[in-house]
Amino acid sequence: MSMPFRSVARSLARFFQSSLLIRIVSSFFLLSTVIVAFLTVFGFSFLARSARGRLIDQLEAIAAIKVTTLNTWVDEQRRHAVSFMVIPDLRRGAASLCSAAAWQSAAAEQAHARLDRIFSLLLAEFPEVHAISVLSAEGGRVVFSTQASQEGRYRLLDSEFTEGMRATSIQSVHPSPISLEPTMSISTPVRDSDGRTVGVLVVSLNLDSMDRIIQERTGLGSTGEAYLVDRYSTFVSGSRFGRVNYPRGVHSAGIDAALRGQSGSASYVNYAGVPVIGSYRWIPQQDLALLVEVPQSDALQPAARHALLLVGIGLSLVMALAFGVYFLARRLAEPILAIQQAAMKVSAGDLSATAPVVTRDEVGDLAEAFNRMTSRVRDLYQELEQREEHFRSLIESSMDMVVVIGADGVCGFASPSLERVLGYTAADMAARPLLSLVHPQDLEKCRTALARLAAGRDSIVTGLTGRIQHKDGSWHTLEASARNLLDHPAIRGYVVNARDISERVQLEDKLAQAQKMEAVGRLAGGVAHDFNNLLTVVLGYSDELAACAGLDEEARANVAEIGKAASRAADLTQQLLAYSRKQVLQPRLIDLNALLAGMTGMLARLIGEDVRVVMRPAADLRPARADPSQIVQVVMNLAANARDAMPRGGTLVIETAPAFLDEEYCSRFPDLAPGKYVMLSVSDTGTGMDEDVRRQLFEPFFTTKDVGKGTGLGLATVYGIVRQSGGHITVDSEVGRGSTFRVFLPAAGPETPAQAAQHSDASRARGAETILVLEDEEPVRRMIANLLERSGYTVHAAARPPEALRKAEEIPRVDLLVTDVVLPGMNGREVAEIVRRRCPAARVLFISGYASGAMDLPGDLSREAGFLMKPFTPAVLTRKVREILDRR
Amino acid sequence: MRSSSLRRAARRGLTAVVVLLLSGCLRPGPGPELRIGFIVPLSGPYGPLGGSHVEGAQLAVAEANDAGGLLLNGRRSKVTLVVRDGSNTPEKAVAVAQELINRDDVSAIVGPILSSQAIPVAHLADRAGIPMVAQIATNPEVTKGTRTVFRVCATDDFQGRAMARFAFGSLGARRVALLFDVASAYNSGIARIFAGETSSLGGRIVAEETYTTGAQDFRARLERIKRARPDVLFLPNYPVEILAQVSQMREVGLDVPILGADAMSFTEPRYNAAIEGAWYSVHFSPDRPDGRAGEFMKRYEERYSRAPNQAGALSYDAVSLLFAAARAKGSVEARDIADGLRSVSVFEGVTGSMIFQGSPDPKKGVVVVRMEKGSPRFEARVDP
């Protein structure tokens, strides 16, 4: 099959498959056409077979008749020839001509003329006769012939002569050596009056005339023919067929069979190449073959006509039915086509398309089912979209980054969070190996993890941390988990979930730092506690010693030095405790100006020489309510902060001023009450801070300093202390111009702070009350007991709480319980409560090396209890005791 | 389409298929068969003449087939000789020829040997377009007016005149007598030519006695000849008649030198004594062979264990001429062979050179021999 034909066939096939309607109609059309064709072929072959049978019968009959007719005709001619010899003139003339010694003689010429006359008449009478000759017995010389050219020839070897000399005979059809044409002749002896054979009369028959008998058609139709062929395959009638057309004779299956002596009927191709149905006969009497033939086309014409009619009717019916089928199919197909239209729309994306339900049959069910299906698909689609949107927004809004890396290491998908965290857009990530962003030190780790994933040894890798370069060049620490989903059809890659843990890492670092500081502080606090006990003893006894009479001037001075050194040591422990915030807030009225004045030395040590410190105390400043030691810390912290902001030197201004915060201002801050405040400001001329730093300034662990330089707790502590004190803190700052912190502390009435009296009265207070001392440290207990006894009090000392409680039972009354806060088994407060139940009038003075979180002093501490921080001088203790006992 | 053409086309198609199949074996397949019809008397009075003709023709065919076939256009065509008995009657010869042409599907015909037969057969062959080569039918009428008929012998025209000149010149015969079959084309034809030439040379025909075929008693005619006192008697008749005539000559006491034509060559040497001393013309003289003839004689003797005669040599040449024509056109088709025959200008046969030059009758000499002691002796060569 050629290519174009094939392509045409393909497109035809496509066309027929394209439409249901066309397929139904064309299928029907094809089927019915095939049936019609089959019927036609069957009908035609049936008709043709019967027509052929009839025709062969007919041909056989005709052939039989022809043979008879031919034999009769030849017989008749023979009788004619014999009868010629009966004509007396003829017989005599012929005999004399044959006997003539010389044929040029007068007698011969006379006889010749006579014969000529007679034979001319005969020829006219008998058209079947072609020529008549007289052959002399001597040499077969033609002495007379109606064909003058033949005269003078010797024909003694010709069968006409040799046979005719013996008797009347028929020379069946043979090629004449003279004319070369098939010839048939009848020869009969010519006898003279004596009865001797003197010659032969040869009557040549007109074979055209014979052929005409054969040719006469009886029921052969217009194209049928009958003809004779001699044994050499030559047409008997040359005039009818034209000899020159058949130089080698005529041949066909029929002729060949007849020449083999057979007779019969068959279908074959005749001498002219025409398919015929023919009957053939060998006629032995005449040495001739008779052929009677009808062209198959003619023979089968009626059958063909009937078949054509059949085809015509069949095709008309097919056409009519095709139209019917077309309309029927259209009616049936229309609802289906409507569904098809709807389906096309749906497949094109229009999910709102519906198929009309026009019938209540299967097609209607189909349409309904289709609509239900479409609606379900629509719902599913919407649901899917929502879910997709849901998950997409989850991924997009997640701080976690989701990245899909192909097997080639290139990022195929990156969630939007990637850009937020690392600055890269999805386009930046595409075609960029993710590993190229990894910090060289972390690269090996990442590669190993990916290799393990790729090798399938791990299906998931978690907790992988590493540094990734931000688009701006900075490094971010990420924690990632990765999963091998190369085989997942929808992913085909490694899915990496990562989050930026840079801040957390920093926080953790800071926490570790803070914990370290905490530990240092705890250590310091522990040391300070024991130190305070020791210092209390040192201070107590050096004071005692100084008070002793009998010391020379030099010894007294030495003792004073011991006292000073102990005091300085006490300051240091105090600062250590402040640093570690192990002190108890003891708010009281303080004169800020006085406080600041007292700090000058400390500040100078803290700040160093590059920074100039300017104090601007305000006149007429009200006292503030706060814990002075805390405020000292506040100032110290702010000053340290200011110093750090001025690495190349500058001016630190510490100022105090009265302030009033109105309601409008206070409403902006929770827990801030309007009223009078005392303002303490610390200003520097340093680098200043930007908005970001300012916002985070007071957050714990926030620091702009290098690791190890700051705890990040300084300003947080300031804030906490200020807030705890009911105060308020603000900060003004400008980058490059310095910062100003303002601390607002609640102002008290214009009363004189107690502190002034403390410092102004150095003498010991005395009394006669009964005091129970509970202190587990032996030296401290002894020192306190001695001191108080010397000051006039009745002292009972106990080392353990049970002992103290027993003594409290035993002694008639307890006016004051002096107890250490931290005790073995039971703390000072519990002991105080039990004692107070026994003696409700008893007052309590708590003493402690430091105040831990457990040491929450009761609310009425200020009236019935007091607190004294170790170490203390004997004077402070006696005064404190007196002060508590004197409260009424 | 005619059935014979169909058959030939079918044969050609079949051959083509065979050729295609064999070409797979890388060897040119056999060519189409060359069928040659051969008409000679095998029965009747001239029956004995046929054998030598068949032998000569079959030698040529065998030579071709022994070589694998006739080489035509690079392919070997097998040659088949279809031998048919033409007996002695024209009727029989024509019928046989018709059968060869129509039924046996031959491409060419060789024969018949009798001019009386050859004349109608020649016309039949010519009408059918079949080439025909007459090996020894010498009558001029044989080729006259035809396009496909040729011969390998001198005509009666030539040999008649040659014998007349020999009689007049070499034998000095001035009074000439003739006895011949007037009903036979050969006899009467050559007799008339001989007589005419003798007259034109200045000789005198003192007796011209005729008879018709089959006559047995010639004594009356011989008596008349005796009375005419001729120098020579020309007997252009067939051997059977000659034997009777010579015998009756002795009976009537007619003792005169006998002249004959090519028909005087007897097939059986035992009859040679009867014509002792007679001069006659032959187309082939075995005692003066040239190279080709000698070669032929050797092969002939090898095959048939006897020396070839004129009949065998002429039939050999006739078949060979057809081969030459077929080779010239590279075809076995009748029309091509006829064309080939027309294109042959000179043909070297075992019986001598033949110069056609567009004529169907070759310019070819004859040899005059004298029967001496039972065998023909070369007397003279007469070239055209």
Fill in the blank from the handout: Expected unfolding gain across residue A:568-residue A:471 under the 0.36 nm per residue rule, minus the alpha-carbon gap, is 29.3 nm
Exercise for the section: Could you tell me which trypsin sites (Lys or Arg not before Pro) in the range B:328-380 are loop residues by DSSP with no more than 12 other beta carbons within 10 angstrom of their beta carbon? Expected result: B:373
Problem - Value at 222 nm in deg cm²/dmol, rounded to 500, when DSSP H runs of n ≥ 4 in chain B each add -39,500 (n - 2.57) - result: -14000 deg cm²/dmol
Handout entry: Charge tally in the Cβ shell below 10 Å around residue B:102, where Lys, Arg are +1 and Asp, Glu are -1, residue B:102 excluded
Key = -1
Problem - the range A:639-697: C-alpha pair distances exceeding 19 Å, % - result: 51
Completion exercise
The helix A:502-547 Cα axis meets the longest alpha-carbon principal axis of chain A at an angle in degrees, between 0 and 90 and rounded to 10, of 10
Problem - Additional length obtainable on full extension of the chain from residue A:696 to residue A:123, 0.36 nm per residue less Cα span - result: 190.6 nm
Problem - 28 Å Cα cut-off, lysine pairs counted over chain A (separation 8 or more, or different chains) - result: 21
Practice task
Using just the alpha carbons, could you tell me how many Å³ per residue the convex hull of the range A:278-338 encloses?
Solution key: 81
Practice task
Based on alpha-carbon positions alone, could you give the equivalent ellipsoid semi-axes of chain B from the gyration tensor, as √(5λ), descending, whole Å?
Solution key: 40, 20, 18
Fill in the blank from the handout: quick shape note, the range A:193-334: Cα extents on principal axes in Å, largest first -> 112, 28, 25
Exercise for the section: Could you work out the mean projected area of the convex hull around the alpha carbons of the protein assembly as shown, in square nanometres to one decimal? Expected result: 106.1
Completion exercise
From fewest to most C-beta neighbours within 10 Å, the residues A:73, B:279, A:475 line up as A:475, A:73, B:279
Completion exercise
Filtering GluC sites (Glu not before Pro) in the range A:100-198 by DSSP loop and by at most 16 other Cβ atoms within 10 Å leaves A:151
Handout entry: GNM flexibility winner over chain B from B:233, B:322, B:243 (Cα, springs under 10 Å)
Key = B:243
Handout entry: Rounded D (µm²/s) - the range B:230-384, Kirkwood Rh over Cα pairs, Stokes-Einstein at 20 °C, 1.002 mPa s
Key = 125
Exercise for the section: Would you mind counting up the charge near residue A:197? Only other residues with Cβ under 11 Å from its Cβ, with Lys and Arg at +1 and Asp and Glu at -1. Expected result: +1
Completion exercise
With Cα springs under 10 Å, the Gaussian network model of chain B assigns the largest mean-square fluctuation among B:224, B:161, B:76 to B:224
Exercise for the section: Treat the count of other C-beta atoms within 10 Å as a stand-in for reagent exposure and order A:42, A:84 from fewest to most. Expected result: A:42, A:84
Exercise for the section: Could you tell me how many degrees, from 0 to 90 and to the nearest 10, lie between the Cα long axis of helix A:440-454 and the main elongation axis, the longest principal axis, of the Cα atoms of chain A? Expected result: 50
Handout entry: For the range A:398-503, alpha-carbon Rg relative to the globular expectation (2.2 N^0.38 Å, N residues)
Key = 0.97
Practice task
Grab the DSSP H runs of chain A that are 4 residues or longer, score each as -39,500 (n - 2.57), total them, divide by all residues and round the 222 nm result to the nearest 500 deg cm²/dmol.
Solution key: -16500 deg cm²/dmol
Problem - Within a Gaussian network of chain B (alpha carbon springs, distance under 10 Å), most fluctuating of B:87, B:200, B:331 - result: B:200
Exercise for the section: Considering only lysines 8 or more places apart in sequence, or on different chains, count the pairs in chain B whose C-alpha atoms sit under 29 Å apart. Expected result: 14
Fill in the blank from the handout: Most exposed to least, judged by fewest other Cβ atoms within 10 Å, A:788, A:12, A:220 sort to A:12, A:220, A:788
Fill in the blank from the handout: With no solvent term and unit scatterers on the alpha-carbon positions of the range A:120-253, Debye gives log₁₀ I(q)/I(0) at q = 0.10, 0.13, 0.17, 0.19 Å⁻¹ of -0.38, -0.61, -0.94, -1.09
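No value in this document is a laboratory result; all are computed from the given coordinates. Since this is a predicted model, take the numbers as computed values, not measurements. Cβ atoms come from the backbone with ideal geometry, glycine included; neighbour counts cover every protein chain shown.
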